[in-house]
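Worksheet: the structure to be examined is printed underneath.
The values are calculated or read from the model by the stated rules, or taken from the named source; none is laboratory data. Here the structure is a predicted model, which is why all the values come from computation and not from measurement. All Cβ positions, even for glycine, are placed from backbone atoms using ideal geometry, and neighbour counts span all protein chains on display.
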Amino acid sequence: MLHGGLWATALNVTDRALRIVYLVVLARLLSPSAFGLLGIALVTKTVLSTLSNPGIEPAFVQRTDANAERYLDTIWVFYAVRGTVVAVAAFVLAPVVASLFGAPGATPVVRAVGATELLRGLVNPAVLSFRRDLEFHKQFAYTASGTAVEFAVAVGGALLWGSVWALVAGIAASRTVRLLVSYLLSGYRPSVEFDAGAARELLSFGKWIWATTLVVLLATMGDDVVVGWALATAALGFYQVSFRLSNAPATEVTHVISSVTVPAYAKIRDDPTALRTAYGRTLRVTSAVVVPMAAGVALVAPAFVPVTMGSAWTPMVPAMQILAAAGLVRAVIGVGGALFKGAGVPQWDFWTNAVRAAVIAVTIWPLTDGWGIAGAAASVALGAVAALPLWLVGTTATSGLSVTAHARSVLGPLAGTAAMAGPVIAVRQQTVIGLVAAIIVGIVVYTVTTATVYHFQSEDALTDLRSMSG
């Protein structure tokens, strides 16, 4: 698991670093309205993709039987058909979507982004085996190649055209490269064969995953829809960029860990002691990283945005700070989500996200109407916090880790984060030197404070890493 985690970490650090630079560079070259038009297209594509995805991927990844490869042809046929359906639906619905958001220019963008799903549907299904078998060096090559090409094409297009089509071209180039790389990395070649029995087995597990993706869709896209509909297209651009920048550090760390731990939990789920120990270690290591990262984003945002992106983007700072707090809670919840999937109880993940979606559904409109994108961000944060109690019940029941042990896992990181807040605020300035100084001060203060707290604890993240690595 640690070996796979190193590759997964390298993958996400590379991918996230490129995407953050991508956002910063393109924010200098394109307007918020351009990002808003792409946001409308991405919301449409995501809704259509989610509605047509019954959770086959995680159902396959968590399977431990030796002949799991027999499912791949069925998966490939399903996703090829699904990609075609999504592309056609996006083409037909594009004018309706553009009218809903009051953005006539979104019609061709929605159609173009939807068409890229044709490429995605033809990807070699063997890429799913990379995660299941912890072959993250292959996952690294597959994902990073697409991100690098998207970055190069989008930046080049922005310099040439200065419009939203630079972003669309980047997405199309990324899909094309990943399609090619998926076949270069694996000798498996799919055929047009559909096994109804294999499909039923995957769907029997995937029904909870599908239900979970629906409520997650409401929780993660409902705010985009309301912002795009109630406010201007530029406001959606501000909101989506602030979401990506604020959530990337914390949630991507959890994504790395979850991608490794789901198959690992699946292998030890019949051993209660091993499952409890693995989950406890994962929670402590994750908390030690995501708590300061999320807090750091919120603390340096007032300096980071004007210094790196320009003064035109400063209206998104309050939303970015609130979303960073929401990202922290989502990151912690994500640790439990991996446990639920790996241990074969995905219904816990569904109900946790259902609570989150319900709170957002009730609060998103009044908060957005009253406070704009900051209000939308507050709705997302409230939804994440409201899901925590049920998440704690589920993780305790599934892993056997006590509530007290859960609390001890975050004690050191919370203490270190509280200690660094004052010094970071004191030294941050809207200059490159001030921004760098704030980051360095935050790292030093957090490290010293957390290490001190760990010194008096019998269990800490450093001990866990040493134990896992041998």
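Structure above, values below:
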quantity	calculated
Residue pairs meeting the criteria (Cβ under 8 Å; at least 6 apart or on separate chains; first closer than 15 Å to Val123 by Cβ, in the stretch 184-198; second modelled with pLDDT under 75 and of a type in the set (Asp, Glu))	Tyr188/Glu69
Residue ID - surrounded by the fewest Cβ atoms within 10 Å (Cβ to Cβ), chosen from residues in the stretch 326-352 that are modelled with pLDDT under 85 and outside any helix (DSSP H, G or I)	Gly344
Meets criteria (touching a residue at least 12 places away in the same chain (Cβ under 8 Å), of a type in the set (Val, Ile, Thr) and outside any helix (DSSP H, G or I)) for Val113	no
Among (1) more than 23 Å from the chain's Cα centre (by Cα); (2) without any contact (Cβ under 8 Å) to a residue 60 or more places away in the chain, the one test that Ala294 misses	(1)
Looking only at the stretch 396-419, and only at residues there that are touching a Phe, Trp or Tyr at 6+ places or on another chain (Cβ under 7 Å) and not aliphatic (A, V, I, L, M), the one that is modelled with the lowest pLDDT	Gly412
Residue within the stretch 163-176 that is out of contact with any His (no Cβ under 6 Å at 6 or more places or on another chain) and assigned to a loop (DSSP other than H, G, I, E, B) present	yes
So Ser402, is it in the same structural domain as Arg276 (by TED's automatic domain parsing), touching a residue at least 60 places away in the same chain (Cβ under 8 Å) and within 24 Å of Thr282 (Cα to Cα)	no
Any pair with Cβ under 9 angstrom, 6 or more apart, that starts in the stretch 448-463 at a residue that is closer than 14 Å to Arg281 by Cα and part of a helix (DSSP H, G or I) and ends at one that is at pLDDT 85 or above and basic (Lys, Arg)	Ala461/Arg281; Ala461/Arg284; Thr463/Arg281; Thr463/Arg284
Considering residues of the stretch 87-110 that are touching a residue at least 60 places away in the same chain (Cβ under 8 Å) and out of contact with any Phe, Trp or Tyr (no Cβ under 9 Å at 6 or more places or on another chain) only, the residue nearest to Ile40 (Cα to Cα)	Ala106
Selection count, the stretch 152-162, where residues are assigned to a helix (DSSP H, G or I) and surrounded by fewer than 21 Cβ atoms within 10 Å (Cβ to Cβ)	5
Pair list, Cβ < 7 Å and 6+ apart or interchain, from the stretch 420-438 residues that are not assigned by TED's automatic domain parsing to the domain that holds Val305 to residues that are surrounded by fewer than 16 Cβ atoms within 10 Å (Cβ to Cβ)	none
Residue in the stretch 366-373 that is closer than 30 Å to Glu201 by Cβ, surrounded by 23 or more Cβ atoms within 10 Å (Cβ to Cβ), of a type in the set (A, V, I, L, M, F, W, C) and at pLDDT 90 or above present	no
Residue match in the stretch 420-430 (condition: closer than 30 Å to Arg269 by Cα, surrounded by fewer than 18 Cβ atoms within 10 Å (Cβ to Cβ) and out of contact with any Phe, Trp or Tyr (no Cβ under 7 Å at 6 or more places or on another chain))	no
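Rundown of residues vs (1) buried (at least 22 other Cβ atoms within 10 Å of the Cβ); (2) in a helix (DSSP H, G or I); (3) of a type in the set (Ser, Thr, Tyr), yes/no style:
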site	(1), (2), (3)
Val262	no, yes, no
Lys267	no, yes, no
Arg276	no, yes, no
Arg281	no, yes, no
Thr286	yes, yes, yes
Pro292	yes, yes, no
Ala295	yes, yes, no
Ala303	yes, yes, no
